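Following: one structure in structure tokens, then a few remarks.
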Amino acid sequence: MGQPVRDYLLTLCVTAAVTYLLTGPVRKFAIAVGAMPAIRARDVHREPTPRLGGIAMFGGLCAGLIVADHLFNLKGVFELSNEPRALLSGAALIWLIGVLDDKFEIDALIKLGGQMIAAAVMVIQGLTILWLPIPGVGTVALTQWQGTLLTVALVVITINAVNFVDGLDGLAAGMVCIASAAFFLYAYRLWMGYGIEAAAPATLFAAILMGMCLGFLPHNMHPARIFMGDSGSMLIGLVLAAGAISITGQVDPDLMKLFEGSEREATHALLPVFIPLVLPLTIIAIPAADLVLAIVRRTWNGQSPFAADRGHLHHRLLEIGHSHSRAVLIMYFWSALIAFGAVGYSVHSASSWIVFVIIAASAVGLVLLLMPRFTPRAPHWANRFVPPRYRHRAAEPESAPSSSCGEKRVPVAAGAQQGPPDAQMGEEAVERAPVAVGVSGVNGATAIGARSRFPDRRSIDSSR
């Protein structure tokens, strides 16, 4: 087979296009069937927003697999391996469970059981971990039960890690897209660089997963017009886990031929290469850390590990003063740093400059975390090219009349009212208004009709 870069790019574009085009009709369908749950205390959006975005993402997954099956450089993946069919079977099952949860709010234990069944379906069809390269020991073959338990555990952990981080507009889709991009580079290098055919299915899964996320992001960025729901978050979590399982335990160190000597010595020397394989959670380290912290926090407080709260990492970023968009970008930054840092270190483990770059980037990330209220201003000559919040505003006399949009206001005496209360709140006041814990924030979009220009002051009652 030749270099399949163009085939991968075509598969990615078709997946993204189908996902993007299906999301609009899916949004209308979700509104029609009432898949718009009431706003809960832990939510950060202020108005009911439809879910079921996973329907469009599943359509993109099917389209990507169909296109890849008809491409010259990729059809061999379907002829030599049953893993694409195993992925489709498990994805269909987990997607169906997610759709039911988005509409009817099924119990958490039932979802957990469904996740295990979906993983077992993939194991039965051959998508499982066969052996593990352990440093200092060599390649250790796993029994059927050991491989099954390890595969199921990896799938369940990855699905719930992605599901837990899906709390802000565009957060889960963007982070998974970054992780899949890093994983694609790694898997493609193993396949084309070393000629290891076992890495071909994982490379295809990563390309399709990127297309699913890129096609859904334009509809899901803040303010989101639709949420992916559990049907989407569990689906992309399963696809990400399937790629890691497909490549883990199926790459023989001797095939790389980088070192002479025994298999045990080769495995020990290639430890950095196996970091993204044996520990695929390094690529989704942020969601995994959020998952572990959530379980510890809820257990410590005497709650169920499945009980929802507002203690996730993205919630804490909002509480310390970051805006919605800035909190999402910070999470993107850390995900990219960890994912691409692990892949870069696996390629050039002997290069010390990679470590210094990672340390420097981490320092930059810490500075961004400590500056939640810093708003950069563009130069005066660039005012017409940047969003209004980044422009320099010329000083205006106090006697100037108020504008209709509420951006500049004449000071009003205490107790006096001019116009409706919503019209008296300027743009700066809206942006700087603190969001109390347990109360819906000022983010989100209307589910029906145009987006609201002013914050919704109505109290929202929710039993959850």
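Among the residues of the range 145-162, are any hydroxyl-bearing (Ser, Thr, Tyr) and not in a helix (DSSP H, G or I)?
Within the range 145-162, none of the residues are hydroxyl-bearing (Ser, Thr, Tyr) and not in a helix (DSSP H, G or I).
Which pairs turn up if I take residues in the range 109-132 that are farther than 16 Å from Trp145 by Cα and open to solvent by 40 Å² or more (accessible area, probe 1.4 Å) and look for partners that are part of a helix (DSSP H, G or I) and at pLDDT 90 or above with beta carbon separation below 6 Å, at least 6 apart in sequence or on another chain?
No pair meets every condition.
Tell me whether the range 206-227 contains one or more residues that are surrounded by fewer than 22 Cβ atoms within 10 Å (Cβ to Cβ) and polar (S, T, N, Q).
no
On the given criteria, is His380 within 19 Å of Ala182 (Cα to Cα), open to solvent by 80 Å² or more (accessible area, probe 1.4 Å), modelled with pLDDT under 80 and over 24 Å from the mean Cα position of the chain (by Cα)?
no
Please indicate, with yes or no, whether at least one residue in the range 117-137 is in contact with a helix residue (DSSP H, G or I) (Cβ under 7 Å, 6 or more places away or on another chain) and under 20 Å from Leu293 (Cβ atoms).
Looking through the range 117-137, none of the residues is in contact with a helix residue (DSSP H, G or I) (Cβ under 7 Å, 6 or more places away or on another chain) and under 20 Å from Leu293 (Cβ atoms).
Among the residues of the range 155-174, write down those that are open to solvent by 10 Å² or more (accessible area, probe 1.4 Å) and under 22 Å from Gly90 (Cα atoms).
Result: Val156, Ile157, Asn160, Asn163, Phe164, Asp166.
When residues of the range 290-312 are filtered for being buried (at least 17 other Cβ atoms within 10 Å of the Cβ) and at pLDDT 70 or above, how many remain?
Going through the range 290-312 one residue at a time, the tally reaches 4.
Looking at the range 164-177, which of the residues that are modelled with pLDDT under 85 and part of a helix (DSSP H, G or I) is farthest from Leu12 (Cα to Cα)? Before the answer, list the steps.
Narrowing the range 164-177 to residues modelled with pLDDT under 85: 164-168.
Those still in the list that are part of a helix (DSSP H, G or I) too: 164-165.
On the way: Phe164: 26, Val165: 24 Å.
The qualifying residue farthest from Leu12 (Cα to Cα) is Phe164.
In the range 178-205, which residue that is surrounded by fewer than 22 Cβ atoms within 10 Å (Cβ to Cβ) and within 21 Å of Ala336 (Cβ to Cβ) is modelled with the highest pLDDT?
Step by step, filter the range 178-205, then rank; the result is Ala181.
The values are calculated or read from the model by the stated rules, or taken from the named source; none is laboratory data. Remember, predicted model here, so these are calculated numbers, not experimental data. Quick reminder, even Gly has a Cβ in these numbers, built from the backbone with ideal geometry, and neighbours come from all protein chains shown. Each accessible area value is taken on the protein alone, full model and side chains, heavy atoms only, with ligands, DNA and RNA left out. Shrake-Rupley method; radii C 1.70, N 1.55, O 1.52, S 1.80 Å.
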